[in-house]
Amino acid sequence: MFSSQVYDYVNVSQEPQLRYIVLAGLLNVATCPACGRRAAIARPFIYSDPAHHLLAYVHPQSDAPEEARQMILERLRSVYMDVATAQEQQDGAAGGNGGHTISLTPSQAKEMPPLQVVFGLDRLYDLINGVLTPEERLGRLALSTQSRDEAERGQFLDIARKLASEMGCNVEIEDLPDEYTVWLYGSRRRIGALMRELAPEG
């Protein structure tokens, strides 16, 4: 038994590293701490990147049947209408009854990007890469050792985590009997800077 974090809402303006966790295919993926086996949790989520004017409802299964797709679209339409109606009622009751409400100003509502509905993570990756500059896209760097010594592997991981933290990158471990690999991933700009730091001088 183990627990794993699952996201229903991804806001990359609040947590920029989540963009690269999504692009690396590691969002809502549970990893067993005992054997290292991974399992994707097929859970829909909202992806929000206000800086790039991107807002998407993501259903992870690209092969969802047409009937299921129509049900999802109808449900989203219904929720949107409920929110719009509640907003109109709130606007009509200016002064209110002292209840606490959250509302969008007209300028905020105008700036909000349209909600896109996406079936399949590959489609989401295409959308994200379509709004990023080449330097903002996903970059990866593998650091590996063939040492089988647990203490040496632990020290190797500590060094890789420190590097990743300093460069604002994420870490993923691939633990095999004959090779121990630490993947660092983030924007190509940050990974490129990290590679230059690690390159031997001369």
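Among bridges DSSP assigns within segment 8-80, what percent are antiparallel (round to 5)?
If I count the DSSP bridges inside segment 8-80, around 75 percent turn out antiparallel.
Placing unit charges on C-beta atoms (Lys and Arg positive, Asp and Glu negative, everything else neutral), compute the dipole magnitude of segment 135-198 about its Cα centre in debye, rounded to 20.
With only Lys, Arg, Asp and Glu charged at Cβ, the dipole is about 420 debye.
Need the full-extension length gain, GLN61 to TYR9, defined as separation in residues times 0.36 nm minus the C-alpha distance. One decimal, nm.
17.0 nm
With a ≥ b ≥ c the root eigenvalues of the C-alpha gyration tensor of segment 135-198, is it rounded (a/c under 1.5), prolate (a/b larger than b/c) or oblate? Mind showing how you got there, number by number?
Details: a/c = 2.57, a/b = 2.01, b/c = 1.28.
The shape class here is prolate.
What ³J(HN,Hα) values, in whole Hz, does the Karplus curve 6.51 cos²θ - 1.76 cosθ + 1.60 give for segment 21-32 when θ = phi - 60°, with x put for Gly and Pro?
These are the phi-based 3J(HN,Hα) values: 5, 5, 5, 7, x, 10, 6, 6, 10, 8, 10, 5 Hz.
Using a Förster distance of 45 angstrom, determine the FRET efficiency expected from the C-beta separation of LEU76 and ARG140, and round it to 0.05.
For LEU76 and ARG140, the calculated efficiency is 0.85.
Would you mind counting up the charge near ALA160? Only other residues with Cβ under 15 Å from its Cβ, with Lys and Arg at +1 and Asp and Glu at -1.
Taking every other residue near ALA160 into account, the sum is -3.
Going by how many other Cβ atoms sit within 10 Å of their own, how do HIS53, HIS59 line up, fewest first? All intermediate terms of the calculation are to be shown ahead of the outcome.
Numbers: HIS53 11, HIS59 21.
In order of increasing Cβ crowding within 10 Å: HIS53, HIS59.
Compute the FRET efficiency between ALA68 and GLN17 as 1/(1 + (r/R0)^6), taking r as their Cβ-Cβ distance and R0 = 41 Å, and round to the nearest 0.05. Walk me through the numbers on the way to the answer.
On the way: r = 32 Å, r/R0 = 0.77.
E(calc), rounded to 0.05, equals 0.85.
No lab work stands behind these numbers, since they all come straight from the coordinates. This one's a predicted model, so the numbers in the text were calculated from it and none came from an experiment. Positions of Cβ are generated from backbone atoms using ideal geometry, with glycine treated the same way; all protein chains shown enter the neighbour counts.
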